[in-house]
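> Just passing along the structure, written as structure tokens.
The values are calculated or read from the model by the stated rules, or taken from the named source; none is laboratory data. Keep in mind the model is a prediction, meaning the values are calculated, not measured. Cβ placement follows ideal geometry from the backbone for every residue including glycine, while neighbour counts extend to all protein chains displayed.
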Amino acid sequence: MTGLWVLVATLVAGLVAGGVLAARNGRIRGSGRAGQTPRTLPGPVVEALDPAASVTLVQLSTTFCAPCRQARTVLAGLAERTEGLHHVELDVTNRPQVAQELGVLRTPTTLALGRAGEELLRVSGVPRSGELLAALEPHLG
Amino acid sequence: MSASPAVDPRGPRFAAAVTTVVLAVVLVTGWWPLLAAQTVVFAIGAFVGLRPAPYSVLYRLLVAPRLRPTTEREDAAPLRFAQAVGFVFALVGTVGYASGLTTVGIVATAFALFAAFLNAAFNFCLGCEAYLLLRRFTPRAGQA
């Protein structure tokens, strides 16, 4: 009988945890680090910036991350279709300090950076391209 | 980095669904030989390979032929690590049940069930995330 109650409790806990994770996936967050100068950005991120693009999407990935591939497909497609938008994938598997300096805990996390390296917004999980484009629109062009 | 062969990501998800059902039955019945069998299943996936793992074989025989083939591939390393995590919990659970420490058995089984259920229902691989966290906190030699 105890086992049955534990089963029910475990499944409920799983539903709650799964719901929270699903709700967080692809959510766009405004920059909590507004005004952060490019100087404080980690070196590999600064190198990834495309001076020709209005907005550079820097996607932090790790080798062992299935949703990173989905995020890559979404973002590469979006960048291809959108003028002034550039997409770079940064593999941080062997340099976790880059993610740490950016305050990124999970991959994929995508930072949208302006020309000067200022952070416009960030998305954790697989971005939804329509929503992301709408949020980036004011910064493009 | 991708020395381990890539796998059809629907296979592990199917395996997680079967695992969820098996662990649920274990919790309700407390029948530890079933948990012991699940422990062996985890061990094959973790230490031998995903291909010979019983649920993958089941997936290839019964499910895959009915689905459209996919080109989507997932790296096997975190999946195998996740199986190893499952193995540890299932082993502790089996020993707990078999030795009369039923509470230990129930708790360990519940943890394994939680992870398998998240994977089956939400496609979220808890063990894979743990793999990344572990790597993050493991300093590697030769790194500046």
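> Please enumerate the residues belonging to the range A:89-141 that are in a strand (DSSP E or B) and either aromatic (Phe, Trp, Tyr) or more than 15 Å from residue A:41 (Cα to Cα) (or both).
Step one: list which residues in the range A:89-141 are in a strand (DSSP E or B), which gives A:89-91, A:109-114, A:119-124.
Correct list: A:89, A:91, A:109, A:123, A:124.
> For residues in the range A:83-121 being surrounded by 19 or more Cβ atoms within 10 Å (Cβ to Cβ) and polar (S, T, N, Q), which is farthest from residue B:130 (Cα to Cα)?
Across the range A:83-121, the extreme among qualifying residues is A:110.
> Let me ask something additional. Answer with yes or no whether residue B:18 is within 14 Å of chain A (Cβ to nearest Cβ), at pLDDT 95 or above and part of a helix (DSSP H, G or I). Let's see the steps before the verdict.
Numbers: within 14 Å of chain A (Cβ to nearest Cβ): no; at pLDDT 95 or above: yes; part of a helix (DSSP H, G or I): yes.
No: the conditions fail for residue B:18.
> Name the residues in the range B:33-51 that are of a type in the set (Phe, Trp, Tyr) and surrounded by fewer than 21 Cβ atoms within 10 Å (Cβ to Cβ), would you?
Going through the range B:33-51, the residues of a type in the set (Phe, Trp, Tyr) turn out to be B:42, B:47.
The one that is of a type in the set (Phe, Trp, Tyr) and surrounded by fewer than 21 Cβ atoms within 10 Å (Cβ to Cβ): B:47.
> In addition: Would you confirm, using the coordinates I've provided, whether residue B:39 is touching a Ser or Thr at 6+ places or on another chain (Cβ under 8 Å), touching a residue at least 24 places away in the same chain (Cβ under 8 Å), assigned to a helix (DSSP H, G or I) and of a type in the set (Ser, Thr, Tyr)? Steps first, please.
Numbers: touching a Ser or Thr at 6+ places or on another chain (Cβ under 8 Å): yes; touching a residue at least 24 places away in the same chain (Cβ under 8 Å): yes; assigned to a helix (DSSP H, G or I): yes; of a type in the set (Ser, Thr, Tyr): yes.
Yes; evaluated as a whole, the condition is true for this residue.
> Quick check: is even one residue across the range B:51-64 at pLDDT 95 or above and under 14 Å from residue B:19 (Cβ atoms)?
At the first step, the residues of the range B:51-64 found to be at pLDDT 95 or above are none.
For the range B:51-64, residues at pLDDT 95 or above and under 14 Å from residue B:19 (Cβ atoms): absent.
> Hey, any hits in the range B:66-86 for a residue that's surrounded by fewer than 20 Cβ atoms within 10 Å (Cβ to Cβ) and modelled with pLDDT of 95 or more?
No: the range B:66-86 contains no residue that is surrounded by fewer than 20 Cβ atoms within 10 Å (Cβ to Cβ) and modelled with pLDDT of 95 or more.
> Within the range B:42-57, count every residue that is in contact with a Gly (Cβ under 9 Å, 6 or more places away or on another chain) and not in a loop (DSSP other than H, G, I, E, B).
Of the residues in the range B:42-57, the ones in contact with a Gly (Cβ under 9 Å, 6 or more places away or on another chain) are B:42, B:45-46, B:50, B:52-56.
If we keep only those that are not in a loop (DSSP other than H, G, I, E, B) too, we end up with B:42, B:45-46, B:54-56.
So the answer is 6.
> Let me ask something else about it. Within the range A:36-82, how many residues turn out to be acidic (Asp, Glu) and either crowded, with 17+ Cβ neighbours inside 10 Å or not in a helix (DSSP H, G or I) (or both)?
Looking only at the range A:36-82, we keep the residues that are acidic (Asp, Glu), and these are A:47, A:50, A:80.
Now drop any that are not either crowded, with 17+ Cβ neighbours inside 10 Å or not in a helix (DSSP H, G or I) (or both), which leaves A:50.
So the count comes out to 1.
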